[in-house]
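Here's the structure, in structure tokens; my notes come after.
The values are calculated or read from the model by the stated rules, or taken from the named source; none is laboratory data. Quantities reported herein were computed from a predicted structural model and do not represent experimental measurements. Please note: Cβ atoms are built from the backbone with ideal geometry, for glycine as well, and neighbour counts cover all protein chains shown. In case anyone asks, the SASA skips ligands and DNA or RNA and just uses the protein heavy atoms, side chains included. Shrake-Rupley method; radii C 1.70, N 1.55, O 1.52, S 1.80 Å.
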Amino acid sequence: MTRILWHDSVLIDMNNCPKMFKKFYSKTSGFTLIELLVVIGILAVLLAIVLIAINPARQFAQANNTQRASDVNAILNAITQFGADNNGTLPTGITAVAQNISDTAADLCAQLVPTYIAALPVDPTSGIDPVTNCAAAYDSGYTVTQSATNNRVTVAAPNAQLSAVISVTR
């Protein structure tokens, strides 16, 4: 039986070549099981190091806190604009005691949406879309309070993660 190999653009007849070439060209090439396992082990260690360095849970918590800070600013901007348009009168429901911005506590939705804010923001971990229908039950996950001494309004995010304190006062 004639074996002919094609190697580096050269046709080799394995029956008519010296013994040392037969051994060189007929040798099976590939990786051993040990070599493959070592490479897989190294890749697994590198992947573990990268995941620990990135820490996706912390990244998600920081992203949620950033969204909360943006939402708190948006709500306070809407309240401030309402007060400016109404000769300094703030929306009803804002008291000296911190209350949830919801349909059962400080119900600000109908007074702010859609004139001063397109939709009432909701805490990002609640899994609910921002509130546009003020007739439905809602809870934004944010609180609002007005200082009894200087009438400053504070909007806060009590569910902040990573021990962060998110509140804005004007």
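The set of residues in segment 124-170 being over 22 Å from the mean Cα position of the chain (by Cα), buried (at least 16 other Cβ atoms within 10 Å of the Cβ), closer than 19 Å to Asp103 by Cβ and of a type outside the set (Ser, Thr, Tyr) consists of Cys134, Val144, Val155. When every residue of segment 111-125 is checked against the conditions, none turns out to be touching a Ser or Thr at 6+ places or on another chain (Cβ under 8 Å), small (Gly, Ala, Ser) and under 17 Å from Thr66 (Cα atoms).
Residue count for segment 86-113 satisfying the condition of being among the β-branched types (Val, Ile, Thr) and surrounded by fewer than 16 Cβ atoms within 10 Å (Cβ to Cβ): 5.
Annotation: of all residues in segment 96-130 being in a helix (DSSP H, G or I) and not small (Gly, Ala, Ser), the one that is farthest from Thr169 (Cα to Cα) is Thr125.
Of everything listed in (1) of a type in the set (A, V, I, L, M, F, W, C); (2) more than 16 Å from the chain's Cα centre (by Cα); (3) closer than 30 Å to Thr149 by Cβ, the single unmet condition for Ala69 is (2).
Scanning segment 28-49 for residues that are modelled with pLDDT under 90 and either assigned to a helix (DSSP H, G or I) or open to solvent by 90 Å² or more (accessible area, probe 1.4 Å) (or both) gives Thr28, Ser29, Phe31. Of the residues making up segment 143-170, those that are under 16 Å from Thr80 (Cα atoms) and not aliphatic (A, V, I, L, M) are Thr143, Thr145, Gln146, Ser147, Asn150, Asn151, Arg152, Thr154, Ser167, Thr169, Arg170. When segment 50-76 is filtered for residues that are within 25 Å of Asp139 (Cα to Cα), of a type outside the set (Val, Ile, Thr) and open to solvent by 80 Å² or more (accessible area, probe 1.4 Å), the ones remaining, listed by number, are Phe60, Gln67. Report yes if Asn133 is in a loop (DSSP other than H, G, I, E, B), closer than 17 Å to Gly83 by Cβ, free of Cβ contacts under 8 Å to residues at least 12 places away in the same chain and not acidic (Asp, Glu), otherwise no. No: the conditions fail for Asn133.
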